[in-house]
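Notes to accompany the following structure.
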Amino acid sequence: MLAIMLMFLIAGTVFATGEVEGASTGPVEIEFWTTLTESDRMATLQVLIDTFEILNPDISIELIPVPENDMASQMAAAAAAGNLPAFAELAAETAVALGVEGLLDVDATTDFINDLGKSRFYQGALELVGVGDGRNYYSVPYHGWIQGIWYRADWFAEAGLAAPDTWENILTAAKYFNQPANNQWGILIGTTAEAFTEQCFTQFARSNDAGLFDKDGNLIFNSPEMREAIAYYAELAKYTPPGPQTWRARDYYLEGKMAMFFYSTYIMDDLAIESVAAGSLTGENFEGLEGAFFDPELVNNTRLASIITHDQPAGYGVIDTLGFPKQTDPAATAAAQKFLQYLFTPNAYVTFLHMAPGGMNPVLPEVTDNPRFLNDPKGVYTHYGPEKLAEITGGLESIQTFGIVEGNRIDAASLIFAQQILPQMLYAITQEGADIDRAMAAAEAAMRDLMD
Amino acid sequence: MADVAVARPRTPRSPKSLTPQQRDARLGWALILPAITIIGLLVIYPIIYNVYLSFFDVSLMGANTFTGLENHIGVVTDGEFWQAVLTTVIYVIFSVLGTVMLGLGVAIVMNKEFPLRGVVRSIILLPYVAPVIATVFAWQFIFDPVRGIFVHLTVEVLGIVQDRFNLIGNPKTSIIVAVVYSIWKNFPFAYLMILSRLQAIDASLYEAAEIDGAGAWHRFIHITLPELQFIIGSLVLLRVIWNFNKFEEVYLITENVKVLSIYTYLTAFTGSLDLGRGATLAVIQFLILLIFIIYYVKKVLKW
């Protein structure tokens, strides 16, 4: 019932704004591969497709769920068999990898982005899927999550400290707020040997222009910039709660015992909505538990520094894109372009993004001003308001990773990530007191081992 | 058995008809065959296959390459392996000693008459029957550096320690937690076995000793301990085998204590998935344990 109502609502508003043209050439059938395999998300996608098909009776779209981890291999298999889908949802890394192999229609993608307006996108999101020449693109960014430093704006204001968006500001604030005697801690950065640690560290390394590889895939890990970033990270780790820490320690912040913590935008609902915060501890298996401590004022007192600047600005996030795999029939690509055009119309876009408030953020800055976007079904965004949402999604303006360098996807970076070489090194330095140079040499040796 | 069969009068019969003994034997085999099949499939075959794999560079997608003793040499020349062996030995010695001694102490106390003894006896079993994962979470809450009651008590209330600390997370202290947890979790098992033996000791032995003027300590040394010798001997053997191979109780409570089973897991199943090396580690672990068991059974238990 809800789905049908939603369909009419979207159809009605789309007609009213008149953003979709009715012109068509002939009946086209295309496949849309999605990684949103959960049934409620599939249902929302189907509503969007149904609405589009009503508006465009000559196009029919078949929705096919593909688990995210299988997407790359399934695409490769489909390419070999000559039946690539005309439209697919691809993680940015996957898109670049497939694009480099020539499976994606770069011209159709670039045309689409230019038609929609290149300047309407967050540039960091676009650069992530760029071919490397600054003009052409492998895939169209659609939504993403952002990581940054969430901090107690009220504490910072009281202390007269500047927002934690540069190395100096972060370290000053971490020192100032770290008061172990009062059981209050400066900052949470990852220090266990797991992915979260690498995610936190990436932002510092990239803000110092330190990378793992140059664009030709040569290992440039052991650089003065990287050493500087590691030394800074180790210094910052002194102001985290004792022992190795990971994202779970975010609860200290929710309990008012910490000034700053690294986290993705997935924290937004935990901060804003009591039932969600409670659910993060209870859930259906522990119905008797009362749930976590909840401070209703915390969401108002919290802000996000999504970009860290030292040598250069660095944000961290993961972008999901929609791409046009190569087709023999140009009509199929045209149909996919038309569908994506529809998905970027304000109402369809907001409907899509509302599948996961906090997790799916718009790649077009203008969306955060849309009143419908602010009114998500879970009621998360109303707690933030347009200004803070713009600040949060602003992290997409300069996303930096180790894995994509000037339009080249470096496969070895994923291997190094999977092997947790950087987190193991940071764990050894921050927890076992290992010497930085020796730890770096060991990490470099492990990376070279892996690449042989 | 055979003598009895020979003594019976032999009567001519068709090949199908069997003596009752043969029929019994057949029935016996039929009854244990399912168990043998299952053990063969689930225990013996994997062990043999594991030994076989240890001679290969195992590839998940393609064919395995025979590498001879390369894996074995690689393992024994690897410092991390010996570190893991050392950690395992420390873990096993302290956890087994602690388990048996605590179990013995509690069993002696529980052997005395006192009100509500039955209730206390069953409550003591709780750590052993509670699910590992549930108790591990409880322990992690207790030792949490920011919210844990243990740190609160030692730092804020008693002031024994100056700064807040992470006992479980700190790589230097995490093995203490792992050992104490193992003792706490498993002492009821030792307690149960020892108590059942204690209850069977003839009370007249103690009475006679008392008449001869033996004090409590002498009675313990000269009566209780000798009576418990075999039960404690078997207990130590069982606990050594179990704790030597222990994975979940260590891995769940802290990732910093790399005993052999965890080191094997990390080698085989994380990062670059070195299954051949993992198989080699498992074989070596099996050999170390086997040598210990043979030595222990012959020299200590003298069976």
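Each value in this text was obtained by applying a stated rule to the coordinates, not by laboratory testing. Everything quoted here is computed from the prediction, not taken from an experiment. Cβ coordinates were reconstructed from backbone atoms using ideal geometry, including for glycine residues, and neighbour counts include every protein chain displayed.
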(message) What does the structure give for A:242-252 when I average, per residue, the other chain Cβ atoms found within 10 Å of the residue Cβ?
(response) 5
(message) Using Cβ contacts closer than 10 Å as the measure, can you line up B:26, A:120 from fewest to most?
(response) B:26, A:120
(request) Arrange the peptides B:17-25, A:343-351 so that the one whose residues have, on average, the most other Cβ atoms within 10 Å appears first. (result) A:343-351, B:17-25
(request) Kindly give the semi-axes, whole Å and largest first, of the ellipsoid equivalent to region B:70-300, taking each as the square root of 5 times a Cα gyration tensor eigenvalue. (result) 37, 26, 14
(request) Give the cross-link partners of residue A:378 among the lysines, using a straight C-alpha distance below 25 Å as the criterion and excluding same-chain residues fewer than 8 apart. (result) A:388
(request) Place the peptides A:176-188, B:192-204 in order of packing, highest mean first, counting for every residue the other Cβ atoms within 10 Å and averaging per peptide. (result) A:176-188, B:192-204
(request) Compute the distance in nm between two label points, each set 7 Å from the Cα along the Cα-to-Cβ direction, one at residue A:406 and one at residue B:206. (result) 8.6
(request) Indicate, rounded to the nearest 5 percent, the antiparallel portion of the DSSP beta bridges found entirely in the protein assembly as shown. (result) 70
(request) Report the residue, chosen from B:32, B:44, B:183, that carries the largest GNM mean-square fluctuation when chain B is represented by alpha-carbon nodes joined by springs under 10 Å. (result) B:32
(message) Could you list B:56, B:247 so that the one with the fewest beta carbons within 10 Å of its beta carbon is first and the one with the most is last?
(response) B:247, B:56
(message) At a threshold of 8 angstrom on Cα-Cα distance, excluding pairs fewer than six apart, so keeping six or more, what relative contact order does chain B reach in percent?
(response) 27
(request) With a Förster radius of 22 Å, plug the Cβ-Cβ distance of residue A:297 and residue B:147 into 1/(1 + (r/R0)^6) and report the FRET value to the nearest 0.05. (result) 0.60
(message) Suppose the Debye formula is applied to equal point scatterers at every Cα of chain A; what is log10 I(q)/I(0) at q = 0.07, 0.09, 0.11 Å⁻¹?
(response) -0.37, -0.62, -0.92
(request) Using a Förster distance of 41 angstrom, determine the FRET efficiency expected from the C-beta separation of residue A:119 and residue A:168, and round it to 0.05. (result) 0.80
(request) At 0.36 nm per residue, minus the direct Cα-Cα distance, what do residue B:134 and residue B:303 gain on full extension? Give it in nm, one decimal, please. (result) 56.9 nm
(request) Show which aspartates and glutamates lie in cross-link reach of residue B:185 when reach means a straight Cα distance below 20 angstrom and same-chain residues fewer than eight apart are skipped. (result) B:144, B:248, B:249, B:255
(message) 7 Å from Cα along Cα→Cβ at both residue B:59 and residue A:179: what's the point-to-point distance in nm?
(response) 6.2
(message) How charged is the neighbourhood of residue B:58? Take every other residue with its Cβ under 13 Å from the Cβ of residue B:58, and add Lys/Arg as +1 and Asp/Glu as -1.
(response) -2
(message) Rg over Rh of region A:98-240, using C-alpha atoms and the Kirkwood radius, what does it come to?
(response) 1.08
(request) Provide the percentage of antiparallel DSSP beta bridges, counting only those with both residues in chain A; round to the nearest 5. (result) 70
(request) Summarise the long-distance tail of P(r) for the protein assembly as shown by giving the % of C-alpha pairs beyond 39 Å. (result) 52
(request) Work out the mean other chain Cβ neighbour count within 10 Å for the residues of B:169-177 and drop it here as an integer. (result) 3
(message) Students often forget the sequence filter, so: which lysines lie under 17 Å Cα-Cα from residue B:172 once same-chain residues fewer than 8 apart are removed?
(response) B:258
(message) Need one number: nm distance between label points at residue B:22 and residue A:100, each 7 Å from Cα along Cα→Cβ, rounded to one decimal.
(response) 7.4
(message) Just to verify a number: FRET efficiency for residue B:214 and residue B:114, C-beta to C-beta distance, R0 = 35 Å, to 0.05?
(response) 0.90
